[in-house]
Structures are given as structure tokens and as C-alpha cells.
Amino acid sequence: MNKLKGDLDKIRTVGRYFVEIWKAAGMKLHNVKFLWASDEINARSEEYWTRVIDIARRNNINRIKRCATIMGRNEEDDLSVSQLLYPCMQCTDIFFLGADICQLGMDQRKVNMLAREYCDDAGIKDKPIILSHRIYLNEFYY
């Protein structure tokens, strides 16, 4: 959490970099649509926050705290309320953006499992496909 100090311009620069990685890997872009989460959330905020709350209400604090590693924290750490909401928000992003395949780092594995568990609990048949890989973004945590 607080990657690049929340600077959306810097975050978009990193996002554009990842698009270039997909291109360099040979991805054919004619059937691919890249979305900016902040734009989508702003356009459909009621839908977004309803899903965040649904994910939060279907889980207990201990389950959400196990996702603290997505922020470089441990579940034993004293987490703020915003740090408890963050895994629910990241989980919501997967569904809200309509992603079929999610490219995320290994540090995101626990929130990916939260998304798949949510599918079972909410009766969602098409679980997200998770493409996990090692990613070293420590310089983005300030």
C-alpha cells in the first residue's frame, strides 16, 4: 500500500511500462483492452464500493489480515482500518475490471486466493485465472 506515495502519474507510468512488457513478450493486442482502475472506479463508484463491502462482510478480520503481505506487512502487525480495507479493494479490482487473467506478483498470492474463495462464497462460477510471477518492486514502497 502507498506504492509510489499514491502519485497517480507515477503509477500510470509504471502501468505503461507493464503494457510495454506485454508487447515485448509478443502479446497480440487486437483483442486486449488495458484499463486504468482509477478511471473505472470513478465512473462506477457505487458498483465498486458495493463489491468491496460485500467482500468485507463475507470475511472476518483474521482472514483479511492474512492478506497483509500484499502491503509488505505481517498479519501480526497493528494494521490501520485502511490497511484492512485494501485487500478487499484489491480483490474487488479483479472482478470490477472484468479481468479474465490477472498478472500479479507472488506477493499478491493471498489476495488472489481471497478472490477465488469469494467466488465460491458468492456463487460466481468463473473464477479468475491468476498469472503469478516474481516481481521486485521494493523501490516502490516508501
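Report the trypsin sites (Lys or Arg not before Pro) located in region 10-64 that are in a DSSP loop and have at most 13 other Cβ atoms inside 10 Å of their Cβ, or state none.
Answer by residue number: Lys28, Lys33, Arg44.
Filter the trypsin sites (Lys or Arg not before Pro) in region 72-127 to those in DSSP coil with at most 14 other Cβ atoms within 10 Å of their Cβ, and list the result.
Of the trypsin sites (Lys or Arg not before Pro), the ones in loops of region 72-127 whose Cβ has at most 14 other Cβ atoms within 10 Å are Lys125.
Out of region 26-117, which chymotrypsin sites (Phe, Trp or Tyr not before Pro) are coil in DSSP terms and have no more than 12 other C-beta atoms within 10 Å?
Loop-located and lightly packed - Phe34.
How far apart, in nm, are two points set 7 Å out from the Cα along the Cα-to-Cβ line at Leu8 and at Ala43?
With each label point 7 Å from Cα toward Cβ, the separation is 1.4 nm.
Which value, in debye to the nearest 20, describes the size of the charge dipole of region 4-140 about its Cα centre when Lys and Arg Cβ atoms bear +1, Asp and Glu Cβ atoms bear -1, and nothing else is charged?
340
Using a 10 Å cut-off around each Cβ, can you sort Met27, Met89 from fewest to most neighbouring Cβ atoms?
Neighbour counts put them in this order, fewest first: Met27, Met89.
Of Ile41, Val52, Gly98, which is farthest towards the positive pole of the chain's charge dipole, taken about the Cα centre with +1 and -1 on the beta-carbons of Lys, Arg and Asp, Glu respectively?
Gly98
Just checking my list [x] -0.28, -1.22; [y] -0.39, -1.34; [z] -0.45, -1.01 against log10 I(q)/I(0) by the Debye sum over Cα atoms at q = 0.09, 0.18 Å⁻¹ computed from this structure; which label fits?
Given [x] -0.28, -1.22; [y] -0.39, -1.34; [z] -0.45, -1.01, the calculated one carries the label [x].
Work out, step by step, the length gained on full extension between Ile21 and Arg58: first 0.36 nm times the residue separation, then minus their alpha carbon distance; give nm to one decimal.
Computed gain between Ile21 and Arg58 is 9.7 nm.
Which residues make up the longest stretch of the chain that has no GluC sites (Glu not before Pro) in a DSSP loop with at most 16 other Cβ atoms within 10 Å?
That gives 1-74 as the longest site-free run.
Just so you know, all these numbers are worked out from the coordinates, no wet-lab data involved. Everything quoted here is computed from the prediction, not taken from an experiment. Please note: Cβ atoms are built from the backbone with ideal geometry, for glycine as well, and neighbour counts cover all protein chains shown.
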